[in-house]
Amino acid sequence: MNNTRTIDRPVIITGCSSGIGYHCASMLSKRPGYRVFATARKAEDVARLKGQGLESVQLDLAEEQSVDEAFAEIMQRTGNQLYALFNNGAYGQPGAVEDLSRAVLREQFETNLFGTHQLTRLAIRVMRAQGGHGRIVQDSSVLGFVSLAMRGAYSASKYALEGLSDTLRLELADTDIHVSLIEPGPIESKFRHNAFLMYRKNINPDASVHHDKYLAAEARLTKEGPAVPFTLPPDAVYKKLLQALEHPCPRPRYYVTFPTYLLGFLKRVLSTRGLDSVLRKIG
């Protein structure tokens, strides 16, 4: 990419209140050639981002009207131009599958899939109108292709995101709109903190046959510092995002951390039962 451009390329990044979204928005906004719109769910986070010099818009992926209004506002600012969308906003709902109510599972999908899908459709419409070019980058997870106990809701939402993205890549093959998935694995962020809040809100461990497993999950979610080995800073994701944004032919998938590479390899070479045996030890 030519970084001496005088016209900035508009990029929307969701979930910028902290972690991966915040870091990527901050770094990309300093890079010549980009105009970054950092979105966040809460008004106070939007105000903070603006105070730090970022162009920020309030967007709640769980609310259909919020997505429509935020996208319309950004398009008004850019003159209906959009180079890229980085769908990063998401959260993890812990809990055994049998303890997840329909409402809790729906809430997980509203943010992690339905809102993301809505925003992606809006982006594609603009990208087609501007000549059929652009980049759509989905922040998935290692749990988008393998499953771990007590992460069923989150894993299901990411499996679904990967399925839609793979299909979308095929459907856009005759355009210059590229679709990439980033599959991070363990990254330093507030993800576990936010997951613990949703656990406390929606799960009653005392009423579950998985009570002992929940105690272990609580210890993991509340542990200070990295909970697992090979945890990397958000900059590791940013480097992959740059590749997806700037390479003339970006990859369909970008692995980030060692666990992602390892589990991706094991999924290819092991039987389902063999992989289950490994995943039970990790969980």
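Can you tell me which of Val97, Val46, Val142 moves the most in a GNM of the chain? Springs connect C-alpha atoms under 10 Å apart. Among Val97, Val46, Val142, the largest GNM mean-square fluctuation belongs to Val97.
Near the amide H of Val57, within less than 5 Å, lie the amide hydrogens of Ala38, Thr39, Ala40, all on another chain or at least 5 residues away, with H placed in the peptide plane.
Just the number: Rg to Rh for region 105-150, Cα atoms, Kirkwood Rh, two decimals.
1.12
Overall, the chain carries a charge dipole of about 680 debye about its Cα centre when +1 sits on the Cβ of Lys and Arg and -1 on the Cβ of Asp and Glu, all other atoms neutral. Under the convention that each Lys and Arg Cβ holds +1 and each Asp and Glu Cβ holds -1, the size of the dipole of region 102-194 around its Cα centre is about 300 debye. Any idea what angle helix 211-222 forms with the longest principal axis of the chain, computed on alpha-carbon atoms, 0 to 90 degrees, nearest 10? Helix 211-222 and the main axis of the chain meet at about 40 degrees. Orientation-averaged projection of region 155-208 equals 5.6 nm² [convex hull of Cα atoms, one quarter of hull surface area]. Between the amide H of Tyr34 and those of Arg9, distances stay under 5 Å, these residues lying 5 or more places away or on another chain, with hydrogens modeled in the peptide plane.
Rounded to the nearest 10 degrees, the angle from helix 64-78 to the longest Cα principal axis of the chain is 30 degrees. A simple rule links phi to the HN-Hα coupling: the Karplus curve 6.51 cos²θ - 1.76 cosθ + 1.60 with θ = phi - 60°, which for region 147-156 gives 10, 10, 4, 6, 10, x, 5, 5, 4, 4 Hz, with x for Gly and Pro. Pairwise Cα distances in region 88-239 exceed 24 Å for 39 percent of all pairs. With the Kirkwood sum run over all distinct C-alpha pairs, region 40-85 has a hydrodynamic radius of 11.2 Å. Listed peptides 72-79, 154-161 appear in the order 154-161, 72-79 once ranked by packing, highest mean of other Cβ atoms within 10 Å at the front.
Every Cα-Cα pair in region 209-283 was counted, and those over 14 Å apart are 74% of them. The long axis of helix 19-29 is offset from the longest Cα principal axis of the chain by roughly 20 degrees. Database remark: amide H of Leu232 closer than 5 angstrom to the amide H of Ile187, Glu188 (H placed geometrically; neighbours at sequence offset of 5 or more, or on other chains; Pro and chain starts carry no H).
Principal semi-axes of the equivalent ellipsoid, √(5λ) from the alpha carbon gyration tensor of the chain, are 32, 21, 18 Å from largest down.
None of the figures in this text is laboratory data; all of them are computed from the coordinates on show. Please read these numbers as outputs of a predicted model, since none were measured by experiment. Glycine also receives a Cβ, built like all others from the backbone with ideal geometry; neighbour counts cover every protein chain displayed.
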